[in-house]
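In what follows, a single structure is set out as structure tokens and then discussed.
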Amino acid sequence: MNQLTNKTFRKAAHELVDWMADYIENVEQYPVKSQVKPKEIYNQIPENPPTESEEVAAIFEDFKNIILPGITHWQSPNFYAYFPANSSYPSLLAEMLMSTLAAQCMIWDTSPAAAELEEKTMNWLKQMMTLPNDWQGVIQDTASTASLAALLTAREKLSDYQVNQEGFENTPKYRVYCSTQTHSSIDKAVKIAGLGIENLVKIAVNDDCTINVKALETAIQDDIKNGFQPLFVMLALGTTSTIAIDNVRPVGEICQKYNIWLHLDAAYAGSALILPEYRDMIDGIELADSFVFNPHKWLFTNFDCSAYFVKDADALIHTFSVLPEYLKTKTRGQVNDYRDWGIPLGRRFRALKLWFVIRNFGVEGLREKLRFHIDLAKAFEAKVVENTNFETVYPRSLNGVFFRFKPEGIEDLDTLNQLNEKLLLLLNESGKMYLSHTKINGVYFIRIIIAQTNVTREHIDNTWLEICRVAESLG
């Protein structure tokens, strides 16, 4: 019988931890982006599950030989694509403890420490980022879930909780607003909330990709004239393509004027708020109703861990609270039962890893990391500007640089787009780095987000040299 006992689990666990430590130390030996072809992994896995118990050693060998080649290594210091999903040693240790405890933290009674640690760590974040002191926070799985929770809460509060009770009958036609550069999670949230995607109004942006405030108010006024009910505005404090930071205060004033819920999506860039020099990003936040950012992106906390803050926690709880007999407790009303603060009933002990990270790094240690990443981005931007065959397409924002290959003498847009697409493909296929792209106003360009936990200046220098070498090969 090969099923694990405490004794054999102990031995296997030690071997796996040794492999984990080696992996983190040597992750650069792997191609950053997986090099496998579609179905290559699938076809190596047997059609039928095993009838008899298999040894963990054999399973682990298959992990290394079959699974690992199909992994894109997000923890490689040469991972620059999309946005990071950073890990760190303290976070990883906490994940191990979380899995060992295997607690279901839906209400206070099912694990008091989980509820109370979550409340305290969210208060720590509030202090670190200078968020309004009277706001309250809860950990969600992702910013997409948090934004959906914000939209549902706005819908219920404005309808006096009628939609939850009676459905949409006799309610006005609600409208939701965001810029054309806002993350697509709002499109999905509008669909799920039953508002209809045709009632999501995409507002034009300025040259710097921030929302055009005047166009927003005009759209709201037009909708009111046409019998619609403005419900919700979502601002991006860091758009997906260029990390553009929408201006909170003027939009907040508009939302106050028309009684509209204002939600701030700072999923990636919000971590920068622990740096005093970037606090102007949230000038006017007191006019907003909710705010979300992801410590699992740029605050070195393993995915998933999304910090969601609200001005009116009672409205949030009223929207999501359902109380069957089997969940009634004597402590209700005295403590936070976080199952009432979002969509799922089941909840992981996510606060533990956030607690480990904040304590092990310290606030100053976290600030030092973020500032170093921003400095690396400044240095990379300078290299792009100095090279006459490249250009920045949008100004650097925080630790993101947005550039394209533009050889002298080539001006045709389609030619340049194809050239940059080919460059990106070759770079990613090399396994030496992983970058991603976007396209705005028809211009295809490359994004480099310098944020991986252990990235160094040497990594950035080597990455730039390789980009230039491959670009030169394209002529």
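Restricted to the stretch 180-221, and to residues that are polar (S, T, N, Q) and touching a Lys or Arg at 6+ places or on another chain (Cβ under 7 Å), which residue is farthest from Trp261 (Cα to Cα)? Among them, the one singled out is Thr180.
From the set of residues in the stretch 227-243 that are surrounded by 23 or more Cβ atoms within 10 Å (Cβ to Cβ) and among the hydrophobic types (A, V, I, L, M, F, W, C), which is farthest from Tyr80 (Cα to Cα)? Of everything passing the filter in the stretch 227-243, Leu231 is farthest from Tyr80 (Cα to Cα). If only residues of the stretch 82-115 that are of a type outside the set (Phe, Trp, Tyr) and over 30 Å from Ala13 (Cα atoms) are counted, the one that is nearest to the chain's Cα centre (by Cα) is Ile107.
Number of residues in the stretch 112-144 that are out of contact with any helix residue (DSSP H, G or I) (no Cβ under 8 Å at 6 or more places or on another chain) and on the phi > 0 side of the Ramachandran plot: the value is 0. Count of the stretch 5-17 residues, restricted to those that are more than 13 Å from Lys64 (Cβ to Cβ) and either of a type outside the set (A, V, I, L, M) or in the same structural domain as Asn454 (by TED's automatic domain parsing) (or both), is 8. Restricting attention to the stretch 15-31 and to residues that are acidic (Asp, Glu) and within 14 Å of Ser76 (Cβ to Cβ), the residue that is surrounded by the most Cβ atoms within 10 Å (Cβ to Cβ) turns out to be Glu28. Within the set Lys406, Lys383, the sole residue that is surrounded by 15 or more Cβ atoms within 10 Å (Cβ to Cβ) and either farther than 25 Å from Ile245 by Cα or hydroxyl-bearing (Ser, Thr, Tyr) (or both) turns out to be Lys406.
Here Ser397 fulfils each of the conditions (1) of a type in the set (S, T, N, Q); (2) under 21 Å from Lys297 (Cβ atoms); (3) touching a Phe, Trp or Tyr at 6+ places or on another chain (Cβ under 8 Å) apart from (3). Counting only residues that are more than 28 Å from the chain's Cα centre (by Cα) and assigned to a helix (DSSP H, G or I), which one in the stretch 384-396 is farthest from Val443 (Cα to Cα)? Step by step, filter the stretch 384-396, then rank; the result is Glu386. Condition first: touching a Pro at 6+ places or on another chain (Cβ under 6 Å) and surrounded by 14 or more Cβ atoms within 10 Å (Cβ to Cβ). Can you find one or more residues in the stretch 196-219 that meet it? Looking through the stretch 196-219, at least one residue is touching a Pro at 6+ places or on another chain (Cβ under 6 Å) and surrounded by 14 or more Cβ atoms within 10 Å (Cβ to Cβ). A count restricted to the stretch 291-338 and to residues that are of a type in the set (Lys, Arg) and surrounded by 14 or more Cβ atoms within 10 Å (Cβ to Cβ) stands at 3. Inside the stretch 126-181, residues that are within 26 Å of the chain's Cα centre (by Cα) and assigned to a loop (DSSP other than H, G, I, E, B) make up a count of 10. Under the condition of being under 30 Å from Glu277 (Cβ atoms) and hydrophobic (A, V, I, L, M, F, W, C), the residues counted in the stretch 397-442 number 7. Of all residues in the stretch 306-325, those satisfying the criterion of being touching a strand residue (DSSP E or B) at 6+ places or on another chain (Cβ under 6 Å) and not small (Gly, Ala, Ser) are Tyr308, Phe309, Val310, Leu316.
Being farther than 19 Å from Ala150 by Cβ and either of a type in the set (D, E, K, R) or in contact with a Cys (Cβ under 9 Å, 6 or more places away or on another chain) (or both) holds for only one residue in Lys257, Lys297, and it is Lys257. The condition of being assigned to a helix (DSSP H, G or I), touching a residue at least 60 places away in the same chain (Cβ under 8 Å) and not charged (D, E, K, R) holds for Val363.
Residue-wise test of (1) surrounded by 14 or more Cβ atoms within 10 Å (Cβ to Cβ); (2) of a type in the set (A, V, I, L, M); (3) on the phi < 0 side of the Ramachandran plot.
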| residue | (1), (2), (3) |
| --- | --- |
| Asp414 | no, no, yes |
| Gln418 | no, no, yes |
| Gly431 | yes, no, no |
| Leu435 | yes, yes, yes |
| Lys439 | no, no, yes |
| Gly442 | no, no, no |
| Ile448 | yes, yes, yes |
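Restricted to the stretch 301-344, and to residues there that are over 26 Å from the mean Cα position of the chain (by Cα) and of a type in the set (Val, Ile, Thr), the residue that is nearest to Arg155 (Cα to Cα) is Val322.
The values are calculated or read from the model by the stated rules, or taken from the named source; none is laboratory data. Owing to the predicted nature of the structure, the values given are computational and were not obtained by experimental measurement. Quick reminder, even Gly has a Cβ in these numbers, built from the backbone with ideal geometry, and neighbours come from all protein chains shown.
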